[in-house]
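The values are calculated or read from the model by the stated rules, or taken from the named source; none is laboratory data. Being a predicted model, the structure only gives us computed values, none of them experimental. Here the Cβ positions follow ideal geometry from the backbone for every residue, glycine too, while neighbour counts run over all protein chains shown.
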Amino acid sequence: MPVPAPVPVPPQRDVPAAETGPAAGHTADLTVLVIEDDPASGITGPELSAAAGTRVRIRTARNLTEAGRLLTDDVDCILLDLALPVPTAGTGAGTAAPFTSGGGGDHRPEPAPHRAEELAVLTHVLRIAPLHAVLVLTAQDDTELAAEAVRVGAQDYLFRGELDARVLSRAIRYAVERKRADIAQHQLTESGLRAQENARLERGLLPTPLLEGSDLSFAARYRPGRSRALLGGDFYDTVRTPDGTVHAMIGDVCGHGPDEAALGVELRIAWRALTLAGLCGDRLLSTLQQVLEHERQSEEVFATLCTVDIAPDGRRAGLCLAGHPAPLLARHGRPARLLPYEDGGPALGLLPHARWPRRQVELGGEWSLMMYTDGLIEGRVGAGSSQRLGQDGMVAMVNSRLEQGLAGEELLEAAVTEVRELNGGELTDDVAVLLLGRDPERIRRRGRSAPRPGPASTAPASASAQRPPL
């Protein structure tokens, strides 16, 4: 059989034709690659153009080697004769490798065992052209093979005996649109799965407080500034060490992207490990600064931090500030006020060999301590206003909620909701708020309600009687 003259190949486009659609109100030209060993039996381009109402360009390949050379991104549809010889090693499988990336055929079903040889040509084409619509030609009396070809991955099938310009042009249009829909659905599914994986990952990176055995109450609210994210550059954690001390911290990495979120998680995990290892105050913050300097993307990245270690009796605390807003303390019967912040040190990552003094704070017998990031105080007061809420505005807002009798989760939810409403919509910065509290009356009630072993019993209390973690 004589070898046909090479067919000119037009320049490639950046996006495969199957992934794009025609502009509104415009019928795009079509390019069809016909793969059959008897091109003289096919329909000509002018016939198809007349039937389709638009220009149709036809390229013809007698075998898979030629098809690999002619398969470019601007091909809209492949018309494949299933009667072609079975591909073997060296048929040019690698020639179309540039066009196989990003396809949606990774999980394409395999042909039925008794049809595998008959569909070998199709599976080869689907492998080298995963982004192109494929129409198969088969004998009229073999509907089972045609249906199996569609199940394996072809968009449609045609019988050779019924081939005419009108039927073929309609089938090509249908195949192209169906392929576009398949690719869109595949990308949507992948995007959904990726979002679920990211959500599970981010949710797993949020802290679980370790407060078992403590009499302190705990509540937290977290709202990342990034759209559709669960994790931002803000971070917090709370742990109780074996000596009964409750350690809490809250921090903020400058910026709002995924890199900042990842750095925040690293700093939180490092803080927990160092705290459980017995470090606190200046030694802990100095070590955290080393972690930040090694892990940050650039030297401009810094993080603010506030740490509090509450004595086992719950009446005193040590406070360290590294460029972070001071916590808010509300004692029983008194309005909330900011803790002293004059002795704070710089943010982590700003000054080498910096020091962070630890300040002793008297908490009292009954109190609530609110730690927060600057996202809570930097929201605007009124839509379009340039005025920020600020720490004074936050203190007034919290005091008004305390006068209403709110506490714990309700207090935090009300505070975050009011800040959003004052801002006139979602806040652009991450927001993290942590609330620790001590209520002697609640502790006494818990003690009275806990079952006690009988006088003659030396067995420990049952699991249900032990104090649950807060």
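Here are the numbers:
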{"quantity": "Criterion violated by L276 - all others in (1) surrounded by 19 or more Cβ atoms within 10 Å (Cβ to Cβ); (2) touching a strand residue (DSSP E or B) at 6+ places or on another chain (Cβ under 7 Å) satisfied", "calculated": "(1)"}
{"quantity": "Residues located in the range 289-324, provided they are assigned to a loop (DSSP other than H, G, I, E, B) and either among the polar types (S, T, N, Q) or under 15 Å from R358 (Cα atoms) (or both)", "calculated": "Q297, S298, A311, H324"}
{"quantity": "Filter pass, M394 being in a strand (DSSP E or B) and assigned by TED's automatic domain parsing to the domain that holds R444", "calculated": "no"}
{"quantity": "Selected residue [out of contact with any Phe, Trp or Tyr (no Cβ under 9 Å at 6 or more places or on another chain), modelled with pLDDT of 95 or more and closer than 17 Å to Y236 by Cβ] from A317, A322", "calculated": "A317"}
{"quantity": "E190 vs. criteria among the acidic types (D, E), within 38 Å of the chain's Cα centre (by Cα), farther than 19 Å from V75 by Cα and exposed (fewer than 15 other Cβ atoms within 10 Å of the Cβ)", "calculated": "yes"}
{"quantity": "Condition broken by L351, with the remaining ones in (1) surrounded by fewer than 17 Cβ atoms within 10 Å (Cβ to Cβ); (2) in contact (Cβ under 8 Å) with a residue 12 or more places away in the chain; (3) among the aliphatic types (A, V, I, L, M) satisfied", "calculated": "(2)"}
{"quantity": "Count of residues meeting criterion [part of a helix (DSSP H, G or I) and closer than 15 Å to T241 by Cα] in the range 271-288", "calculated": "8"}
{"quantity": "Residue list for the range 159-174, restricted to those being under 43 Å from the mean Cα position of the chain (by Cα) and surrounded by 14 or more Cβ atoms within 10 Å (Cβ to Cβ)", "calculated": "S169, A171, I172, R173, Y174"}
{"quantity": "Strands (runs of 3 or more DSSP E) within the range 325-375 that include 1 or more residues of a type in the set (S, T, Y) and on the phi < 0 side of the Ramachandran plot", "calculated": "367-372"}
{"quantity": "Extreme residue, surrounded by the fewest Cβ atoms within 10 Å (Cβ to Cβ), among residues of the range 251-270 that are among the acidic types (D, E) and touching a helix residue (DSSP H, G or I) at 6+ places or on another chain (Cβ under 7 Å)", "calculated": "E266"}
{"quantity": "Failed criterion for R283 (all others in (1) within 25 Å of the chain's Cα centre (by Cα); (2) farther than 17 Å from L434 by Cβ hold)", "calculated": "(1)"}
{"quantity": "Test for R438: is it loosely packed, with under 11 Cβ neighbours inside 10 Å, in the same structural domain as E378 (by TED's automatic domain parsing) and modelled with pLDDT of 50 or more", "calculated": "no"}
{"quantity": "For P113: the one exception among (1) surrounded by fewer than 20 Cβ atoms within 10 Å (Cβ to Cβ); (2) modelled with pLDDT under 80; (3) not hydroxyl-bearing (S, T, Y)", "calculated": "(2)"}
{"quantity": "Odd one out for L427 among (1) surrounded by fewer than 17 Cβ atoms within 10 Å (Cβ to Cβ); (2) outside any helix (DSSP H, G or I); (3) of a type in the set (A, V, I, L, M, F, W, C)", "calculated": "(1)"}
{"quantity": "Where a residue in the range 407-431 is assigned by TED's automatic domain parsing to the domain that holds F218 and its partner, wherever it lies, is outside any helix (DSSP H, G or I) and among the β-branched types (V, I, T), with Cβ under 7 Å and at least six apart", "calculated": "L412/V433; A415/V433; V416/V431; V416/V433; L422/V381; D430/T373; V431/T373"}
{"quantity": "P335 vs. criteria under 20 Å from V433 (Cβ atoms) and assigned by TED's automatic domain parsing to the domain that holds T238", "calculated": "yes"}
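Residues are listed down the side, and each one gets a yes or a no for (1) at pLDDT 80 or above; (2) surrounded by 11 or more Cβ atoms within 10 Å (Cβ to Cβ); (3) on the phi > 0 side of the Ramachandran plot:
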{"residue": "I78", "(1), (2), (3)": "yes, yes, no"}
{"residue": "T88", "(1), (2), (3)": "no, no, no"}
{"residue": "T91", "(1), (2), (3)": "no, yes, no"}
{"residue": "T95", "(1), (2), (3)": "no, yes, no"}
{"residue": "R108", "(1), (2), (3)": "no, yes, no"}
{"residue": "L122", "(1), (2), (3)": "yes, yes, no"}
{"residue": "V125", "(1), (2), (3)": "yes, yes, no"}
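Quick grid of which residues meet (1) outside any helix (DSSP H, G or I); (2) touching a Phe, Trp or Tyr at 6+ places or on another chain (Cβ under 7 Å); (3) surrounded by 21 or more Cβ atoms within 10 Å (Cβ to Cβ); (4) of a type in the set (D, E, K, R):
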| residue | (1), (2), (3), (4) |
| --- | --- |
| V136 | yes, yes, yes, no |
| R151 | no, no, no, yes |
| V176 | no, no, yes, no |
| R180 | no, no, no, yes |
